[in-house]
Amino acid sequence: MMNLIFKRSIYYALSLLPAGVFAQVILPGTYDYDRFIYDQLKSDSTSAITYQSSIFYGNSEGFTLINPLAQTSFNSAYPRSYNDGPVWKSKGLTQEVHSGVQFKKGVIHFTFHPVAYFSQNSSYRLASVNPDQNPLNYQFGVSRNVDFVQRYGTSSFVKFHPGQSEIAVRFKHFQFAASTQNFTLGPAIKNHIIMGNSASGFPHLTIGTPGKVDLRFKGVSLGAIEANLFYGLLSESNHFDTLSNNNRRYLNGMSLGYEVPYIKGLTVGFQRTLYKDTRYFESADLFSMFYIKDNGNVGDTIFTGNDTFDQLASAFINWKLADKDLRLYFEFARNDFNGSLRRVITEFEHSRAYTLGFEKIFTLNKRDLYLNYEHTFLPRYQSYLYRPTPPFYTHHIATQGYTHDGQILGAGTGPGSVSDFMSLLWLNGDNQTKLSFQRIRFDEDYFIAKVPNNLDKIDRHDVEYTIGLEAVRKRKHFIYGIGGDFSYRFNMYFEKENDQFNFNGKIFARYLIHQ
């Protein structure tokens, strides 16, 4: 009897929810993202240029339940956990549950979409080459370390994170939001250099445009612009050092995107972040995107050196040819400050990184085949031989580097890495099948600087090859799927012939409340 009353209460509550276009949250590391990037390419236009939120609001006002998702993952030999936000997939089983609610009324927008997950976190042999580091942390620092966790503790654990949640005041062309959601910057799909999905979302404030804003003057189109400032707090993991006074870093950043008029689909953009230990925070740092006052010395933050802050910046060009279902993109990034404008001009490649890629849709037998290829290059330029050049995402004062809770905020493959990624997505209505391939060469900076120069050095590159297969199906009120990544890693930890095979499997199901 109580069970019947409970079910009827649920059905009655659902009947009170508004009709129309419902809430949507794009969860990192799930099939959601694959469908999202396909839909973005398939559409004639998109609302975002560079700042891509995980949270979308429908047309209806009031409360809306977000379709819950449950996923179980398994790693057989070592952790493999890329672009999945707050969830860390260690060796063994990982069980995650995502669910939430959204509210919209006038200018008030609210999303609460947390995640709870269990990690078996089974033991495996860790790298151990740096006696000055916590044994659970990253061991392959070149000139400095970084808070990039190998294993989160020595036993299983349960964790809760607010996930893709925010409260925002939104007008037509302006928003102010407080959030813990994951957001990305730039045109990349797999490896965002400046801001990606590999770490959990950090608490932050955003001020700017909720999407692009059309510019017109006397009826003449001047294109469209997107502009955002964000301010956040980054946390140290429990596995970096024992100091209590350096556990927080202040981060602020900006993103600018411009849609070029009269060349359909062409956009350019710029994004930049700065971070420093909160011990050195001053009120003037709220304006450090434009002007820095550091220990009494004022510096132009683009061209003049500065030690307390570290910065990352990138510019991109992105061309979407909608009539051909094709997009081409290139992003060029710099790490740390330059020293002077003259040095920028004469040594533009110093501390550079880049990503280039394309995506294309082919129609075969009235079904779409989506293809994506992306190459990301993060190793240091040769200028490290004669001038200080920190590896990407590291810093000598904010020693945790460009991380939050032990994960890289940018490309999850880590400092000094090279990645080639390709995926094929076969779509048949709501069903999809995905085949993917990835090659990662880990931390080339460490390999060049620290692996001894002897006859077998050439045989000690740490390289992983991965083939993945995933199938997603829809049946009535459910979307469910199964997938697996088969990885073979050569010379793991730069040890000759220390080859490891890992199977990363997953099964998942989402209940469609509103169907």
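Taken over region 93-114, the residue count meeting the criterion of being open to solvent by less than 30 Å² (accessible area, probe 1.4 Å), assigned to a strand (DSSP E or B) and either touching an Asp or Glu at 6+ places or on another chain (Cβ under 9 Å) or within 30 Å of residue 503 (Cα to Cα) (or both) is 6.
From the set of residues in region 487-511 that are closer than 30 Å to residue 68 by Cα and touching a Lys or Arg at 6+ places or on another chain (Cβ under 8 Å), which is most open to solvent (accessible area, probe 1.4 Å)? The qualifying residue most open to solvent (accessible area, probe 1.4 Å) is 504. Taking the conditions (1) open to solvent by less than 20 Å² (accessible area, probe 1.4 Å); (2) under 30 Å from residue 418 (Cβ atoms); (3) touching a strand residue (DSSP E or B) at 6+ places or on another chain (Cβ under 9 Å); (4) modelled with pLDDT under 80 in turn, residue 309 satisfies each one other than (4). Among the conditions (1) out of contact with any Pro (no Cβ under 8 Å at 6 or more places or on another chain); (2) at pLDDT 90 or above, the only one that residue 200 does not satisfy is (1).
Taking the criterion of being more than 16 Å from residue 29 (Cα to Cα) and within 22 Å of the chain's Cα centre (by Cα), the only residue of region 94-109 that qualifies is 100.
The set of residues from region 382-407 being open to solvent by less than 40 Å² (accessible area, probe 1.4 Å), of a type in the set (A, V, I, L, M, F, W, C) and over 19 Å from the mean Cα position of the chain (by Cα) comprises just one member, 398. For region 214-228, the criterion of being in contact with a Phe, Trp or Tyr (Cβ under 9 Å, 6 or more places away or on another chain), of a type in the set (Val, Ile, Thr) and surrounded by fewer than 20 Cβ atoms within 10 Å (Cβ to Cβ) is met by at least one residue. Criterion applied to 414, 484, 468 was being under 30 Å from residue 382 (Cβ atoms), open to solvent by less than 30 Å² (accessible area, probe 1.4 Å) and under 23 Å from the mean Cα position of the chain (by Cα), and the one residue passing it is 414. Considering the conditions (1) open to solvent by 20 Å² or more (accessible area, probe 1.4 Å); (2) part of a strand (DSSP E or B), residue 249 is excluded by exactly one of them, (1). Of 47, 43, 90, all but one fail to be open to solvent by less than 20 Å² (accessible area, probe 1.4 Å), of a type in the set (S, T, N, Q) and either at pLDDT 95 or above or under 30 Å from residue 327 (Cα atoms) (or both); the exception is 90.
Tell me yes or no: at least one residue of region 370-381 is more than 19 Å from residue 188 (Cα to Cα), in a loop (DSSP other than H, G, I, E, B) and open to solvent by 10 Å² or more (accessible area, probe 1.4 Å).
Quick first cut of region 370-381, residues more than 19 Å from residue 188 (Cα to Cα) only: 380-381.
Filter once more, so that each one left must be in a loop (DSSP other than H, G, I, E, B): 380-381.
Among the residues that remain, those that are also open to solvent by 10 Å² or more (accessible area, probe 1.4 Å) are: 380-381.
Yes; the residues of region 370-381 include at least one that is more than 19 Å from residue 188 (Cα to Cα), in a loop (DSSP other than H, G, I, E, B) and open to solvent by 10 Å² or more (accessible area, probe 1.4 Å).
In region 127-156, the residues that are at pLDDT 95 or above form no Cβ pair under 8 Å with any partner that is surrounded by fewer than 13 Cβ atoms within 10 Å (Cβ to Cβ) and not in a loop (DSSP other than H, G, I, E, B), whether six or more places apart or across chains.
For region 203-244, filtering for residues that are over 27 Å from residue 409 (Cα atoms), assigned to a loop (DSSP other than H, G, I, E, B) and basic (Lys, Arg) leaves 1.
Flag: residue 435 does not match the condition of being in a strand (DSSP E or B) and touching a residue at least 60 places away in the same chain (Cβ under 8 Å).
Residues that are among the basic types (Lys, Arg) and in contact (Cβ under 8 Å) with a residue 24 or more places away in the chain within region 354-385 comprise 360, 367, 380, listed in sequence order. Output yes when any residue across region 362-375 is within 28 Å of the chain's Cα centre (by Cα), at negative phi and either at pLDDT below 90 or among the β-branched types (Val, Ile, Thr) (or both), and no when none is. No, region 362-375 contains no residue that is within 28 Å of the chain's Cα centre (by Cα), at negative phi and either at pLDDT below 90 or among the β-branched types (Val, Ile, Thr) (or both). If a residue must be of a type outside the set (Val, Ile, Thr), part of a strand (DSSP E or B) and at pLDDT 95 or above, how many such residues does region 440-477 contain? Within region 440-477, residues that are of a type outside the set (Val, Ile, Thr), part of a strand (DSSP E or B) and at pLDDT 95 or above number 8.
The single condition among (1) over 26 Å from residue 357 (Cβ atoms); (2) in a loop (DSSP other than H, G, I, E, B) that residue 84 does not meet is (1).
The values are calculated or read from the model by the stated rules, or taken from the named source; none is laboratory data. Computed from a predicted structure; not experimentally measured. Heads up, the Cβs are rebuilt from the backbone with ideal geometry, glycines too, and the neighbour counts pull from every protein chain shown. Surface accessibility is based on the protein's heavy atoms, side chains included, excluding ligands, DNA and RNA. Shrake-Rupley method; radii C 1.70, N 1.55, O 1.52, S 1.80 Å.
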